[in-house]
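The values are calculated or read from the model by the stated rules, or taken from the named source; none is laboratory data. Remember, it's a predicted structure, so these values are computed and weren't measured experimentally. Cβ sites come from the backbone with ideal geometry, for glycine too, and all protein chains shown count toward neighbours.
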Amino acid sequence: NDLVASGEVKAPIVIGRDHLDCGSVASPYRETESMQDGSDAIADWPILNAMINAVNGATWVSVHHGGGVGMGYSIHAGMVVVADGTPEAERRLERVLTSDPAMGVIRHADAGYELAKDVAKERGVKVL
């Protein structure tokens, strides 16, 4: 965002991703296969990820099926956020690029993974 604001980069920068990790995916034959708590196919996580990205200011949020395992066998949330050099974009970037990957840590912590619980605690994220 600073590069666009300073004029060093002349156009907005678009940062996007399709399948991040289990925080944005329910794919029991790939990304979420063999989750410690058996939550491989629970579709709430990608929907929650999409909603969190939307309220945090992502420019574009998508929810889609397939993901290399076939329609109906997975659900994924994607997002795009734009760095246009404005203070508003800086705030959106901070929120989206923090909360989006944090969903993977939160899902793993919720599933019982000790490393994820430790990371959440270290970063001040309350996981019930």
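Restricting the first residue to region 17-38 and requiring it to be more than 13 Å from Gly67 (Cβ to Cβ), which pairs with a second residue that is among the acidic types (Asp, Glu) meet a Cβ separation below 9 Å and a spacing of at least six or different chains?
Short answer, once both residue conditions are applied: Gly23/Asp100; Ser34/Asp40; Asp37/Asp110.
For Ala11, are the conditions met, namely being among the small types (Gly, Ala, Ser), under 20 Å from Ala111 (Cα atoms), free of Cβ contacts under 8 Å to residues at least 24 places away in the same chain and part of a loop (DSSP other than H, G, I, E, B)? Even if it seems obvious, please write down each step before you answer.
Values: among the small types (Gly, Ala, Ser): yes; under 20 Å from Ala111 (Cα atoms): no; free of Cβ contacts under 8 Å to residues at least 24 places away in the same chain: yes; part of a loop (DSSP other than H, G, I, E, B): yes.
In short, no.
Being among the basic types (Lys, Arg) and either modelled with pLDDT under 90 or buried (at least 19 other Cβ atoms within 10 Å of the Cβ) (or both) is the filter here, so list the residues in region 85-102 that pass it.
Residue satisfying the conditions is Arg92 alone.
Residues Val25, Val105, Val82, Val63: which one is at negative phi, within 18 Å of the chain's Cα centre (by Cα) and modelled with pLDDT of 95 or more?
On the way: Val25 fails: modelled with pLDDT of 95 or more; Val105 fails: modelled with pLDDT of 95 or more; Val63 fails: modelled with pLDDT of 95 or more.
Unique residue meeting the criteria: Val82.
Under 6 Å between Cβ atoms, at least 6 apart or on separate chains: pull out the pairs that start in region 99-128 with a residue that is without any contact (Cβ under 8 Å) to a residue 24 or more places away in the chain and end on any residue that is outside any helix (DSSP H, G or I) and aliphatic (A, V, I, L, M).
These pairs meet every condition: Ala109/Val127; Ala120/Val127.
Can you confirm whether Ser99 is hydroxyl-bearing (Ser, Thr, Tyr) and touching a helix residue (DSSP H, G or I) at 6+ places or on another chain (Cβ under 6 Å)? Steps first, please.
Working: hydroxyl-bearing (Ser, Thr, Tyr): yes; touching a helix residue (DSSP H, G or I) at 6+ places or on another chain (Cβ under 6 Å): yes.
For Ser99, the condition - hydroxyl-bearing (Ser, Thr, Tyr) and touching a helix residue (DSSP H, G or I) at 6+ places or on another chain (Cβ under 6 Å) - is met.
So, in region 31-76, how many residues would count as being charged (D, E, K, R) and surrounded by fewer than 15 Cβ atoms within 10 Å (Cβ to Cβ)?
Let us first name the residues in region 31-76 that are charged (D, E, K, R), namely 31, 33, 37, 40, 44.
With the extra rule that they be surrounded by fewer than 15 Cβ atoms within 10 Å (Cβ to Cβ), the set shrinks to 33, 37, 44.
Residues that pass the stated criteria total 3.
Name the residue, out of Gly38, Gly72, Gly68, Gly23, that is in a loop (DSSP other than H, G, I, E, B) and within 19 Å of Ala102 (Cα to Cα). Give the steps one after another, and end with the answer.
Working: Gly38 fails: within 19 Å of Ala102 (Cα to Cα); Gly72 fails: within 19 Å of Ala102 (Cα to Cα); Gly68 fails: within 19 Å of Ala102 (Cα to Cα).
None of the other options fit; the residue is Gly23.
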